Amino acid sequence: MTAPAHQPVLIVDFGSQVTQLIARRVRESGVYCEIHPYDKAAEALESLKPAAIILSGGPASTTEDESPAADRALFDAGVPILGICYGEQTICAVLGGKVEAGHHREFGRAEIVVTRDSPLWAGIGAVDHRETVWMSHGDRVTALPPGFEVIATSTGAPFAAIADEARKIYAVQFHPEVAHTPRGAQILRNFTHGVAGLDGDWTMAAFKAESMARIRDQVGKGRVICGLSGGVDSSVAAVLIHEALKDSGADQLTCVYVDTGLMRLGESEQVVSLFRNHYNIPLVHVDAADLFLDALEGVSDPETKRKTIGRLFIEVFDREAAKIEDAQFLAQGTLYPDVIESVSARGGPSAVIKSHHNVGGLPDFRKLKLVEPLRELFKDEVRVLGVELGLHADFVGRHPFPGPGLAIRIPGEITRDKVTTLQQADAIYLDEIRKAGLYDKIWQAFAVLLPVKTVGVMGDARTYENVLALRAVTSTDGMTADFFEFPWDVLGKTATRIINEVRGVNRVVYDVTSKPPGTIEWE
């Protein structure tokens, strides 16, 4: 990854589930940052030349043999360092302090007491101030390295925050990156802007200009094929490339949209209209619904469905792309979380990246060179970029929709009738959410056609029809989610409309389960 010409922060990942949240908080304060695994920290230090370093949390214990350790090169770089949770423990273990297991554990909300003034507490509180934070540790520091002092304590962690002010090395046992530490973002900002003196000059307008310049430099006069999924990511990538190349006087970009027949109601028409009519971007629209639905007939296993869709998508896309003469580049809407997850801190390259969300990616066929202009961005940053590019807020604000489409919203066998039923019910659900002014308060909402039938009475007749589940969740990062607390009248209107207007459904239920880290939705 090539960093923009800004003051970057290196985030060293020790395997925490919420390392991405550190990057999001730092980016939100206008500071560019990158995440690199702990065993590649020295290389990242050399290539990125960071102005500051943050060490993430992680599941390991420094008291165990062969546990991950902070590379000493990080401490020799002469830049400010902040350790978080395991990051604090590895700082102490490497620099001459002591960490022990088996002491009082802290998981969940806790209260720290500020014991010493520090730039880390600017705007937070003076000595004796009490601050709510989120703890998640079993081990704890029991002796500090030379040069360090305690700047905050808690009941379970006498060294809840420590500092070597001379070397500008700080560490906290709690997690400032999570929402449950109410003023954690301020603490991180105090480190990046206060301690490290960074300007916070990384804006989406700057990224747009820099990215367009990189695209022109990479592509030159070459031709680019972009695989459109209909989602926000690939659409923003396509528009960004179009804006970068449109003044060349030639149609260098061609988009290929494979319509699987598994999209939401009316979504394919919206995509075609946006690119052909609004942006005047050459678009190949492939109606492959029959191909996909025929192949999925009789298939119930969720992983087999995903792989079938992925294989067919690649085959259709490859066939259409081969018709585009002189193509040299393949554009994709790869995001930064995809990059991070493909090379994890603990396990190396992963075999499948978010298989429940995508259709398997595109292969390196015919030696096309990849153009991935969004690979430095998180999802929320892509939305901001979309607005910066002039895309309508309603489009860039759309809820995430998985690559396999409605196929993973129909557990069990997929049929044309089931797809039609789900499309109609899903459209009503989203329509009622929008009418109630709730759409932007929800991170993701969708309907699921369950493989369950119930007996009901509609009018004077008995029915035996499907059960439909509605789900809506709130989230900030897509890693964790909690159910959205719907007003009952909205749910009531939605259920009534679905039962009255959609044939094949006689019961509607609402899912109120939460989503812990690492789980998937339904299938």
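Per residue of the chain, the DSSP helices (runs of n ≥ 4 H) give a summed -39500 (n - 2.57) that works out to -9000 deg cm²/dmol at 222 nm. For the range 425-477, the fraction of C-alpha pairs more than 15 angstrom apart is 58%. Here the chain is treated with +1 on each Lys and Arg Cβ and -1 on each Asp and Glu Cβ, and its dipole about the Cα centre works out to around 540 debye.
With the charge dipole of the chain set up from +1 on Lys and Arg Cβ and -1 on Asp and Glu Cβ about the Cα centre, the Cα lying farthest toward the positive end among the listed residues F313, V79, F14 is that of F313.
Hydrodynamic estimate: the Kirkwood radius of the range 43-131 over Cα pairs, inserted into Stokes-Einstein at 25 °C and 0.890 mPa s, corresponds to D of 161 µm²/s. Computed extension length for V455-A322: 42.7 nm, one decimal, from 0.36 nm per residue of separation with the Cα-Cα distance subtracted.
Hey, any idea what % of the chain's accessible area is carbon plus sulfur with a 1.4 Å probe? Ligands and nucleic acids excluded, carbon and sulfur reach 50 percent. Each of H180 and V113 was given a label point 7 Å from its Cα along the Cα-to-Cβ line. The distance between the two points is 2.3 nm.
Taken over the range 59-194, the alpha-carbon convex hull comes to 95 cubic angstrom per residue. Annotation for the range 1-86: trypsin sites (Lys or Arg not before Pro) lying in DSSP loop with at most 10 further Cβ atoms inside 10 Å of their Cβ do not exist.
Close amide H partners of V371, meaning residues 5 or more places away or on another chain with modelled amide H under 5 Å apart, are L330, A331, Q332.
Averaged over residues, the count of other Cβ atoms within 10 Å places the peptides 49-62, 291-304 in the sequence 49-62, 291-304, highest first. Measuring nothing but how far apart in sequence close Cα pairs (under 8 Å, 6+ apart) lie, relative to its length, the chain scores a relative contact order of 11 percent. If both residues of a DSSP beta bridge must be in the chain, then about 50% of such bridges are antiparallel. In summary, the lysines within cross-link reach of K453, defined as a Cα separation below 24 angstrom excluding same-chain residues under 8 places away, comprise K305, K418, K493.
FRET efficiency for the pair R130 and R497, taken as 1/(1 + (r/R0)^6) with r the Cβ-Cβ distance and R0 = 35 Å, rounds to 0.10. Once the Cβ-Cβ distance of E413 and D199 is raised to the sixth power relative to R0 = 56 Å, the FRET efficiency obtained is 0.50. Taking amide hydrogens as placed 1.01 Å from N in the peptide plane, the amide H of Q173 sits under 5 Å from those of C85, A161, each at least 5 positions away in sequence or on another chain. Once the Kirkwood radius over Cα pairs is known for the range 192-333, the Stokes-Einstein relation at 4 °C and 1.567 mPa s delivers a diffusion coefficient of 76 µm²/s.
Solvent-accessible surface of the chain, averaged per residue with a 1.4 angstrom probe and all protein chains in place: 43 square angstrom.
With a/c under 1.5 counting as rounded, go ahead and sort the range 158-268 into rounded, prolate or oblate using the C-alpha gyration tensor (a ≥ b ≥ c being the square roots of the eigenvalues; past the cut-off, prolate if a/b is larger than b/c, else oblate). Since a/c reaches 1.5 but b/c is at least a/b, the shape of the range 158-268 is classed as oblate.
Relative to the Cα centre, the charge distribution of the range 66-131, modelled as +1 at Lys and Arg Cβ and -1 at Asp and Glu Cβ, gives a dipole magnitude of about 80 debye. Over the chain, the ratio between the Cα radius of gyration and 2.2 N^0.38 Å evaluates to 1.07. Here r is the Cβ-Cβ distance between A166 and A73 and R0 is 22 Å; the resulting FRET efficiency, rounded to 0.05, is 0.70. The slack between E149 and E64, meaning 0.36 nm per residue of separation minus the straight C-alpha distance, is 28.1 nm.
Between the alpha-carbon centres of the range 70-149 and the range 250-322 there is a gap of 50 Å. Rounded to the nearest 20, the Cβ-based charge dipole of the range 140-211 about its Cα centre (Lys and Arg +1, Asp and Glu -1) stands at 180 debye. In plain terms, the chain from T304 to R216 could stretch by 27.7 nm, reckoned as 0.36 nm per residue minus the Cα-Cα distance.
Positive-end ranking of Q444, Q218, A425 along the dipole of the chain, with charges on Cβ about the Cα centre, is headed by A425.
Share of pairwise Cα-Cα distances greater than 16 Å in the range 10-52 is 34 percent (whole percent).
The values are calculated or read from the model by the stated rules, or taken from the named source; none is laboratory data. All values reported here derive from a predicted model rather than from experimental measurement. Counting neighbours? That spans all protein chains shown, and the Cβs are built from the backbone with ideal geometry, glycine included. What goes into the accessible areas is simple: the full protein's heavy atoms, side chains included, and nothing from ligands, DNA or RNA. Shrake-Rupley method; radii C 1.70, N 1.55, O 1.52, S 1.80 Å.
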